[in-house]
Amino acid sequence: MQAARLCAALAAALLAASPAAADTLLDNVNGISIARDGAITRFHAMTIRDDGIILQIFERGEKPPSKVDYRIDGDGRTVIPGLVDSHVRLMDTGFAAIGLDLSATVSLADAQAEIAAYGARYPDRPWIVGTGWNQANWALGRLPTAAELDAAVADRPVWLIHADGTAGWANSRALELAGIDAGSADPEGGRIVRQSGSKTPAGVLIGNAMQAVSEELPRPRPEDRDRAFLAAQDLLIKRGVTAVADMGTTIEDWQSYRRAGDAGTLRLRIIAYSGSVDDMMLIAGPQPTPWLYDDRLRMIGLRLVLDGSLGTRSAWLKAPYTDDPQESGLTLLDHAQLRNLMSRAAMDGFQVAVQASGDGAVDEALAAIEEIAEAYQGERRWRIQAAQLADPLDFTRFASHGIVASMQPLQQIANRDMAEARLGEARLNGAYAWRSIFDAGAALSFGSGAPEILPDPIAGIAVAATREDDSGQPFGGWQPQETLRREQALAAYTAGGAYAGFGEGRFGRLAVGEHADFLMIDRDPLLAGMQELRGTKILQVWINGRLAYSDAPADAAESEGGEIVGR
């Protein structure tokens, strides 16, 4: 009931707002804000203008005003900044939420059952399309096959995207429609996985080979995209994420975000990175867009994918995979293509984010930045996304030219055993090397890679600080030299994420002049034990000074004074 009373008071304050400017005092809280370097500011109250901007922060010993338009008693709860996820595929996350999502499957048989049930539930759909599968979660030891997919659905084409987005699994009908057979050559930057000892396609297409099937898919309708976006937005906000970097925004995605903004249903802050120069120019024109919808949407840059992932052995490595000595991964862009595309974006002031997973790709991304940075002066904040493996000899290169390392802590937990098999003991000191790259001088931001792994920033902070999973294994941490202090990890999910997308001064901290984006949680993340931290409950999410989510039942709030609303 105490939580319900708090929600009711908050909602009543919102509903009582008059047309005149009104300030709200959020009082009696354990407030925490954090700078990019991990410096902590603790406060017990803050005032928020009617437009959602923080007017004043009251640290301990400072007395808040006694006369304000509205006062909300935080009841001693902990308040932290809204969390920033620095790598999501937003629309893919939405489609996974409303469609066939295999991310929770634990075996091939489990996945086949899910696919068959989905096909039976939607007999009129011409294609079965889904996402989220990961053979590493099935302990399969290999990639799945078209025949195994045929066993689930054979009467129409099936196309399922790998959790990391770098591969697709097709049934025989989909391969046939795409014209992929034993005579098909691997495209540049792609690979058709073959049956052992033959040229017959096995069913999985990697990298640019995916395009042949993708071109055959029916295009989602605008209303499908809008529904997917709203589903993704709700999922993220409930998990405490108030801002994201959307990696691979298309013109169709952008139009969905704009429709939500026009309709007043855009709550999330989206820093958009186009997946192609064509889409970038269609969306933004000759330069990055201004911030739109009260700092909720901006097209700022270009995302380039340089290689695949360790999971599908498509991450570009400097030396062959330990568990497949004939394979060193894929290069999706050659030397000239990468530099030309980076220059094309940079010449018009767009930020460049290069997704590079293997140490060969990371080396190439760093080399490209080093080569072209002299031609494009100013603060560019070149981004390297993922960096699942980096050569320790390259750590210091991250300090040059203001590079941002955008990494995903929860991937380390999900991929630990697979990484050991793929890389061997000798290379593990470069795997998921957050601390080494941060200490070398790179700006650090954290994300999830959703829909590969659903966002859980609180768990991500715990993983970054322990290198242990939620059962405390391995004891002492996996490659424990790469642990961060928890305040550094929190900074990478807040101020660091905002800085990575040129959002500092607008969001990412709880500071005067920034938007009042914050979470109310049930414990102090800087003082709780690690197991306690993993159990943190998000009680409320506020965006721009308005309640966007509450875990309390709406009817409880209504019975005590008002409806919970969000803006």
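Points worth noting:
- Criterion: charged (D, E, K, R) and either surrounded by fewer than 21 Cβ atoms within 10 Å (Cβ to Cβ) or in contact with a Leu (Cβ under 6 Å, 6 or more places away or on another chain) (or both) - qualifying residue of D92, D37: D37
- Members of the range 82-130 found to be free of Cβ contacts under 8 Å to residues at least 12 places away in the same chain and within 20 Å of R156 (Cβ to Cβ), listed by number: A117, A120, R121, Y122, P123, D124
- A152 being more than 24 Å from the chain's Cα centre (by Cα), surrounded by 18 or more Cβ atoms within 10 Å (Cβ to Cβ) and not in a strand (DSSP E or B): yes
- The requirement of being part of a loop (DSSP other than H, G, I, E, B), more than 26 Å from Q388 (Cα to Cα), of a type in the set (D, E, K, R) and modelled with pLDDT of 95 or more is fulfilled somewhere in the range 172-183, by at least one residue.
- Residues of the range 77-91 that are farther than 10 Å from D246 by Cβ and not aliphatic (A, V, I, L, M): R77, T78, P81, G82, S86.
- Among the conditions (1) over 26 Å from V463 (Cβ atoms); (2) crowded, with 23+ Cβ neighbours inside 10 Å; (3) aliphatic (A, V, I, L, M), the only one that M407 does not satisfy is (1).
- Residues in the range 337-360 include at least one that is charged (D, E, K, R), surrounded by 24 or more Cβ atoms within 10 Å (Cβ to Cβ) and farther than 25 Å from P286 by Cβ.
- Condition check for D517: touching a strand residue (DSSP E or B) at 6+ places or on another chain (Cβ under 6 Å), at pLDDT 95 or above, among the acidic types (D, E) and surrounded by fewer than 17 Cβ atoms within 10 Å (Cβ to Cβ): no
Residues checked against (1) within 18 Å of the chain's Cα centre (by Cα); (2) buried (at least 19 other Cβ atoms within 10 Å of the Cβ); (3) among the aliphatic types (A, V, I, L, M):
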| position | (1), (2), (3) |
| --- | --- |
| E370 | no, no, no |
| A386 | yes, yes, yes |
| L393 | no, no, yes |
| R397 | no, yes, no |
| Q412 | yes, yes, no |
| E425 | no, no, no |
| N429 | no, no, no |
| R435 | no, yes, no |
| A440 | no, yes, yes |
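- Search result, residues across the range 158-203 that are among the hydroxyl-bearing types (S, T, Y), touching a residue at least 12 places away in the same chain (Cβ under 8 Å) and farther than 21 Å from N134 by Cβ: S172, S184, S198, T200
- Listed by first and then second residue, the pairs with beta-carbon distance under 6 Å, at least 6 apart or on different chains, first residue in the range 323-338 and under 18 Å from V352 (Cα atoms), second of a type outside the set (K, R) and outside any loop (DSSP other than H, G, I, E, B), are L332/G207; L332/V305; L338/A368.
- Strands (runs of 3 or more DSSP E) wholly inside the range 189-286 that include at least 2 residues being over 28 Å from A500 (Cβ atoms): 190-194, 201-207
- For the range 308-333, a residue qualifies if it is at pLDDT 95 or above and under 20 Å from the mean Cα position of the chain (by Cα), and exactly one does: A315.
The values are calculated or read from the model by the stated rules, or taken from the named source; none is laboratory data. Worth saying up front: this structure is predicted, and the values here are computed from it rather than measured. Positions of Cβ are generated from backbone atoms using ideal geometry, with glycine treated the same way; all protein chains shown enter the neighbour counts.
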